[in-house]
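Engineer: After the structure tokens below, expect a handful of questions from me.
The values are calculated or read from the model by the stated rules, or taken from the named source; none is laboratory data. Remember, predicted model here, so these are calculated numbers, not experimental data. Here the Cβ positions follow ideal geometry from the backbone for every residue, glycine too, while neighbour counts run over all protein chains shown. For the accessible areas, the whole protein counts, side chains as well, though only heavy atoms, and no ligand, DNA or RNA atoms are used. Shrake-Rupley method; radii C 1.70, N 1.55, O 1.52, S 1.80 Å.
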Amino acid sequence: MSGDLKVTQGSSTSVSTAEPLPVRLVPQGINPLGPAGAWLGKSLYRSGAIVLFLALWELLPLFVLAPSAKVFLPPLHEVLQALWQLAISGDLWTHIVASLSRSAAGFTLAIAIGIPAGLIIAWYPKIRQFLNPLLEVFRNTAALALLPVFTLILGIGETSKIAIVVYAAFFPVLLNTILGARNVDPLLIRAARTLGLTNVEIFSKVILPSAVPTIFTGIRMAGTASVLVLIAAEMIGAKAGLGYLITNSQASFLIPQMYAAILTVSVLGYVVNALLVALERHFSRWDQN
């Protein structure tokens, strides 16, 4: 037939039998740059909002706001310059150490008191029923509302500032400990009693491990409260600390320095929360498996 293609031996016509190279497809959800590229892309995405905020902070005072408004909202580079000057002079570290020492002392005391008290209240229903109305009253009373009371009773020294931190951090730890201990599966407790475990062993081997995630939620809340409440307390009757630095800079009309202190508080709170999250993951590894 005239439409057929015939290839005879010795003909100059050749037919290639080579197969096309396979196309390698990247599975959906896998970054072609590997784990490092995936981590970099995720980090850039998560930090995008912060980068945008900092860019607006720099550009708005320079190109959008009126010159008079720039005095009260300086661009970011002026704030960073003030922060650098505070750092190289050593004043920034003095105030950071003062604030951290007070927060750490109050935070540690709140944990040392709150976790055992929460476990005891959760374990004994009669104690819980008796104390619950009082706990509800105090948990709904803002710590800063009691700052004048602490100042009148304990003075304006270190004791009153540490005490207000203890008060602010105590209730998140206490209430989350009670919640975590009460949510333990009763079958686990019955099984532990059947195996002959004592109350102390049940606490340490059953209740406390099961309540760790909820307890750490309270600890993270307490860590944030211990920093924020202390900053407010340092604005009254303190001679060192980040709160004192903020109010003193405002009174002296050192606006970039004031924003530098506020920025330091934000970074400090973020670092404290990140450390507590890492600590929570370390103690909750069994729950993630």
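Engineer: Which one of these is closer than 20 Å to G269 by Cβ and part of a helix (DSSP H, G or I): F130, F53?
Structural biologist: The conditions single out F53.
Engineer: Then there's this: Pick from region 215-251 the residues that are hydroxyl-bearing (S, T, Y) and surrounded by 20 or more Cβ atoms within 10 Å (Cβ to Cβ): which of them is farthest from A143 (Cα to Cα)?
Structural biologist: Among those that are hydroxyl-bearing (S, T, Y) and surrounded by 20 or more Cβ atoms within 10 Å (Cβ to Cβ), it is S249.
Engineer: Hey, any hits in region 252-269 for a residue that's part of a loop (DSSP other than H, G, I, E, B), exposed (fewer than 15 other Cβ atoms within 10 Å of the Cβ) and modelled with pLDDT under 85?
Structural biologist: no
Engineer: Restricting attention to region 173-201, which residues are open to solvent by 80 Å² or more (accessible area, probe 1.4 Å) and in a helix (DSSP H, G or I)?
Structural biologist: Filtering region 173-201 for residues open to solvent by 80 Å² or more (accessible area, probe 1.4 Å) gives 179, 182-183, 187-188, 190, 193-195, 200.
Answer for region 173-201, where residues must be open to solvent by 80 Å² or more (accessible area, probe 1.4 Å) and in a helix (DSSP H, G or I): L179, R182, L187, L188, R190, R193, T194, V200.
Engineer: I need a count of the residues in region 107-163 that are touching a Gly at 6+ places or on another chain (Cβ under 8 Å), within 25 Å of A181 (Cα to Cα) and either open to solvent by 80 Å² or more (accessible area, probe 1.4 Å) or at pLDDT below 85 (or both).
Structural biologist: Qualifying residue count, region 107-163: 0.
Engineer: Filter region 64-106 down to the residues that are of a type in the set (D, E) and either under 22 Å from V227 (Cβ atoms) or loosely packed, with under 13 Cβ neighbours inside 10 Å (or both) and list them by number. Break it down stepwise before answering.
Structural biologist: Start the filter on region 64-106 by keeping residues that are of a type in the set (D, E), which leaves 78, 91.
The one that is of a type in the set (D, E) and either under 22 Å from V227 (Cβ atoms) or loosely packed, with under 13 Cβ neighbours inside 10 Å (or both): D91.
Engineer: Also, I was wondering about something else. Go through region 120-134 and count every residue that is of a type in the set (F, W, Y) and in contact (Cβ under 8 Å) with a residue 12 or more places away in the chain.
Structural biologist: 1
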